[in-house]
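Undergrad: Dumping the structure here so I can ask a few things about it.
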Amino acid sequence: MDAKYTTHEFDVLVIGAGGAGLRAAIEASANGLKVALVCKSLLGKAHTVMAEGGIAAALGTVDSRDTWQQHFADTMIGGNLANHWQMAQIHALEAPDRVRELEKWGAVFDRTTDGKGNINVRHFGGHTYKRLAHVGDRTGLELLRTLQDRGVHQGIEVFMECTVYSLLKKENRVVGAFGYFRETGSPVLFKAKSIVLATGGIGKLYRVSSNSWECTGDGFALGYLAGAELADMEYVQFHPTGMVWPPSVRGLLITEGVRGEGGVFRNNLGKRFMFDYIPPKYKDKYASTEEEANTWFQKVIVEGRKEETVKERKPPELMSRDVVARALWTEIEQGRGFEHGGIHLDIATRRSAEDIKKKLPSMYHQFKQLADVDITKVPMEVGPTCHYMMGGIKVDPETQGSTIDGLFAAGECSAGMHGSNRLGGNSLSDLLVFGRRAGLSAAEYSKKIKTFEQIDESELDQLNHEMNRPFENPKGENAYAILSDLQQVMEKGAGMYREEKGMMNCLKELDQIKKRLEKVSTEGNRMFNPGWHTALDLRNLLIVGEAITRAALIRRESRGAHTRIDFLNYSESFSKTRVIVKKSAQEMQVSSENLSQIPKDFEAELIAKNILNEVVLNQLRGKIAAH
Amino acid sequence: MRSIRLKIFRGTSNSGEFKEYTLEVEEGMVVLDAIHRLQATQSPDLACRWNCKAGKCGSCSAEINGKPRLMCMTRLNDLPVNKTITIAPLQTFPIMKDLATDVSWNYQVNKKITPFTPKSNAEWHWEQKDIDRIQEFRKCIECFLCQDVCHVLRVHQKHSVYAGPRFFVRMAALEMHPIDSADRLPFLKTDAGLGYCNITKCCTQVCPESIAITDNAIIPLKERVVDRFYDPIFILFRKLFKKK
């Protein structure tokens, strides 16, 4: 083909340079292949830097009772059994090795104070034991920088500020990708023997979100448009603690680490209300009274006693995110919130100013600088914020292979690991474990492919023409107005609480937005033009928004992050299925398939060891009442 | 709601000028919010980088009223009211478009640094106090504000012979790692041009992560280079005992 479009050839093309993409690229490159890493921003700026609290791994450095089996069980119970059990198992088994490997590559984790100088771990929601390896409250940055420095010395070729617009296929196999560079706007073709999607999340779909401009669901849409199946799209995590004031920072994340270090919620009556919201599955594991919770706090957090020696249970502020977010939402809805529509999160009365600054330095600065609030003196005001997508590209649990040959996915844009609700800390471990596996599988796949495929130039012309459309459309609506409306439609129709009528309406409104998007217009030219980028990203957001709504309509039960006002309970039949979304010739095709279940003997073994509880399993399977 | 006036650089490295804008803003907004509102309402093709909007990714660096700062962490309230706010791209790097500059040189410098090289017989245990100082360096978010303000780069354009404060911080983190075994002092002395730094501490002043770049990273590295290459007693000692 004549070089009408700048063309590169790589054995493995990794799209997305957050933790999962970098880890995949490192692995593929370590296997001797020629690897390209495409990032939408500059290298090292990906949304992984926003991960604060830590990496979950059963290292057992602080609490020797911790095991991979317990981590597996916590992940499954946290995800309300909607997880692909095999992914949760692989994850729990391999996470400790991935953390130690990161240390060998130069990450500098906080240390234990017991004189042994091991990696220190902290408490986080839904984890039975202290389990999160961390670096203050900037663990994501540490992980990303470590991988970045490892990667650049390994010969990975990095294409910064480059956005992929479409995957290219021959029959059922991916053979390349087509996109553009932000700086110049010029198109670029990557021919590849295999592709790893690691594009992160979808946060920009909602008005109140902790995510950056990059999180526009690119991987989901690229995979979907190429014909890959998406799974579990109804599960969108709302993190309980986002900032609520000033308006410009609404949604900005406040780490769960605040609660891990002893922070508690209070409503405007001064009541510590979380004790009223403990679901049956957590009844045995969390303190039932304020007194018990405070004694635990005093012994474990303040005095630093070993948890094994403490009979009290931990405070309910440390339950999983779906449970806590719903509690906050309910308190706010029922009028017990504060002036800016949030709930108080108090660490000031719990820890000394010195401890707060040492343990939660970014939180201290964030509030001081952006809200004039000194968190060592007064409570923070917080509320739920869209944070994470549990659903995504359906992948094989071992290889991370999608339903398209040569296409792999890892990290947030893949599905299965987290079920209906992700536990804090499981994201960083997820992207290391499955990033590595995706890179390895892609490398093995590419080794079997002999040559690069010819790409039909007319297909590229067509795509390039599509990308140009916002400039050619007659002057009309700009992309920002459409984005803002889309966010409101999603918040109203398919947000934290859902019901059939609202979702049906949401689908109609999405359809109208789709029509408006066809006529979107952009000023200027293709050189570094954010208005144009937003117009193109909107295609992806709309696909994801529709997939979420359609999947949520099908699941007529409440499970984890998916709460249906019209179906509040766990349903026995839905506990065995996962919802699949796929492209068809006309409209989005939605179906259900069987969800793989934990093998009976493995389950029995964990019940016998008191790691899983049969009653809780039956509740989550809708066999006995739970709500 | 109040109205502010902004003067923003618009253009490329070939041609460009400051353009004036008037904008309605609300309480609590930061400079980056003002830019976003401009994009949404007046100037959709205004180029600027941003990601986390929380001071954690270091993308939105610019010069606000002449001072290198992160746009996401600069509140409009903290700037003089009733005066036009000037927003310019970083001066030390070539302009791509508007507020986006070409910072690729930094990535090239980073590649030349010998990566973390643990001792082969290392014990992977150490105390918190052994790593406190390198954890300070590892807070760096690569906003490149220190590079922007450093006169060796900004005024003297020594990009080809000088690594800049960002990479002195990175090398300090590696050199002071309890089990690193690589030797970066010859590189620091020659290719990285550590000697060009004359400790004006401008980098420390602009660091949004409050890293004591000069005192904790650059000066200790300078001392190590001096000990190795310029201290006559050390040189004699090494000659006598045939140590490196």
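Undergrad: May I ask you to say which residue of A:585, A:604 is more than 26 Å from residue A:556 (Cβ to Cβ) and modelled with pLDDT under 95?
TA: Details: A:604 fails: modelled with pLDDT under 95.
Exactly one of A:585, A:604 is more than 26 Å from residue A:556 (Cβ to Cβ) and modelled with pLDDT under 95, namely A:585.
Undergrad: For the stretch B:25-45, enumerate the residues that are within 24 Å of the chain's Cα centre (by Cα) and at the interface with chain A (Cβ under 7 Å from one of its Cβ atoms).
TA: B:30, B:33, listed by residue number.
Undergrad: From the set of residues in the stretch A:280-294 that are surrounded by fewer than 17 Cβ atoms within 10 Å (Cβ to Cβ) and not charged (D, E, K, R), which is farthest from residue A:125 (Cα to Cα)? Let's see the steps before the verdict.
TA: Within the stretch A:280-294, the subset surrounded by fewer than 17 Cβ atoms within 10 Å (Cβ to Cβ) is A:280, A:283-284, A:288-291.
Those left that are additionally not charged (D, E, K, R): A:280, A:288-289.
Working: A:280: 16, A:288: 16, A:289: 18 Å.
The residue in question is A:289.
Undergrad: Further, regarding this structure: For residues that are modelled with pLDDT of 95 or more, within 14 Å of another protein chain (Cβ to nearest Cβ) and in a loop (DSSP other than H, G, I, E, B), tally how many sit in the stretch A:343-381.
TA: Number satisfying all stated conditions: 0.
Undergrad: Scan the stretch A:502-513 and tell me whether some residue there is without any contact (Cβ under 8 Å) to a residue 24 or more places away in the chain and touching a strand residue (DSSP E or B) at 6+ places or on another chain (Cβ under 9 Å).
TA: no
Quick grid of which residues meet (1) surrounded by 21 or more Cβ atoms within 10 Å (Cβ to Cβ); (2) away from chain B (no Cβ under 11 Å); (3) in contact (Cβ under 8 Å) with a residue 12 or more places away in the chain:
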{"site": "A:120", "(1), (2), (3)": "yes, no, yes"}
{"site": "A:124", "(1), (2), (3)": "yes, yes, yes"}
{"site": "A:140", "(1), (2), (3)": "yes, no, yes"}
{"site": "A:147", "(1), (2), (3)": "yes, yes, yes"}
{"site": "A:155", "(1), (2), (3)": "no, no, yes"}
{"site": "A:160", "(1), (2), (3)": "no, no, yes"}
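Undergrad: So is residue A:581 touching a strand residue (DSSP E or B) at 6+ places or on another chain (Cβ under 7 Å), farther than 26 Å from residue A:90 by Cα and not in a loop (DSSP other than H, G, I, E, B) or not? Reasoning before the result, please.
TA: Details: touching a strand residue (DSSP E or B) at 6+ places or on another chain (Cβ under 7 Å): yes; farther than 26 Å from residue A:90 by Cα: no; not in a loop (DSSP other than H, G, I, E, B): yes.
Judged against the criteria, residue A:581 is not a match.
Undergrad: Please work out which residue is farthest from residue B:176 (Cα to Cα), limiting yourself to the stretch B:126-139 and to residues that are free of Cβ contacts under 8 Å to residues at least 40 places away in the same chain and either in contact with a Pro (Cβ under 7 Å, 6 or more places away or on another chain) or more than 7 Å from chain A (Cβ to nearest Cβ) (or both).
TA: Taking the candidates together, the pick is B:129.
Undergrad: So in the stretch B:14-60, with the set limited to residues that are charged (D, E, K, R) and assigned to a helix (DSSP H, G or I), which one is farthest from residue B:72 (Cα to Cα)?
TA: As a first pass, look at the stretch B:14-60 and keep what is charged (D, E, K, R): B:17, B:19-20, B:24, B:26-27, B:33, B:37, B:45, B:49, B:53, B:56.
Then keep just the ones that are assigned to a helix (DSSP H, G or I); that gives B:33, B:37.
Working: B:33: 7, B:37: 13 Å.
Filtering first and then ranking leaves B:37.
Undergrad: Within the stretch A:510-532, is even one residue more than 27 Å from residue A:75 (Cα to Cα), of a type in the set (Lys, Arg) and within 14 Å of chain B (Cβ to nearest Cβ)?
TA: The first filter runs over the stretch A:510-532 and keeps only residues more than 27 Å from residue A:75 (Cα to Cα), leaving A:510-532.
So of that shortlist, the ones also of a type in the set (Lys, Arg) come out as A:514-516, A:519, A:526.
Subsequent filtering for residues that are within 14 Å of chain B (Cβ to nearest Cβ) retains A:526.
Checked against the condition, which is being more than 27 Å from residue A:75 (Cα to Cα), of a type in the set (Lys, Arg) and within 14 Å of chain B (Cβ to nearest Cβ), the stretch A:510-532 yields at least one hit.
Undergrad: Of the residues that make up the stretch A:405-420, is at least one surrounded by fewer than 23 Cβ atoms within 10 Å (Cβ to Cβ) and closer than 28 Å to residue A:197 by Cβ?
TA: Within the stretch A:405-420, the subset surrounded by fewer than 23 Cβ atoms within 10 Å (Cβ to Cβ) is A:405.
Now restrict to residues that are closer than 28 Å to residue A:197 by Cβ: A:405.
Yes, some residue in the stretch A:405-420 is surrounded by fewer than 23 Cβ atoms within 10 Å (Cβ to Cβ) and closer than 28 Å to residue A:197 by Cβ.
Undergrad: Can you tell which of A:445, A:480 is farther than 29 Å from residue A:526 by Cβ and in contact (Cβ under 8 Å) with a residue 12 or more places away in the chain?
TA: The match here is A:445.
Undergrad: Further question: Just one of (1) in a loop (DSSP other than H, G, I, E, B); (2) within 30 Å of residue B:56 (Cα to Cα); (3) touching a residue at least 40 places away in the same chain (Cβ under 8 Å) trips up residue A:475, so point out which.
TA: For residue A:475, the failing item is (2).
Undergrad: May I ask you to list the residues in the stretch B:90-125 that are surrounded by 20 or more Cβ atoms within 10 Å (Cβ to Cβ), within 8 Å of another protein chain (Cβ to nearest Cβ) and closer than 23 Å to residue A:147 by Cβ?
TA: B:103, B:110, B:116
Undergrad: Sticking with this one: So if I check each of B:123, B:20, which one is in the same structural domain as residue B:193 (by TED's automatic domain parsing) and more than 18 Å from the chain's Cα centre (by Cα)?
TA: On the way: B:20 fails: in the same structural domain as residue B:193 (by TED's automatic domain parsing).
Exactly one residue qualifies, and that residue is B:123.
Undergrad: For the stretch B:61-89, name all the residues that are within 20 Å of residue B:102 (Cβ to Cβ), within 12 Å of chain A (Cβ to nearest Cβ) and not in a helix (DSSP H, G or I).
TA: If the condition is that a residue be within 20 Å of residue B:102 (Cβ to Cβ), within 12 Å of chain A (Cβ to nearest Cβ) and not in a helix (DSSP H, G or I), then B:61, B:69, B:70, B:89 are the ones that fit.
The values are calculated or read from the model by the stated rules, or taken from the named source; none is laboratory data. Remember, it's a predicted structure, so these values are computed and weren't measured experimentally. We place every Cβ from the backbone using ideal geometry, glycine too, and count neighbours over all the protein chains shown.
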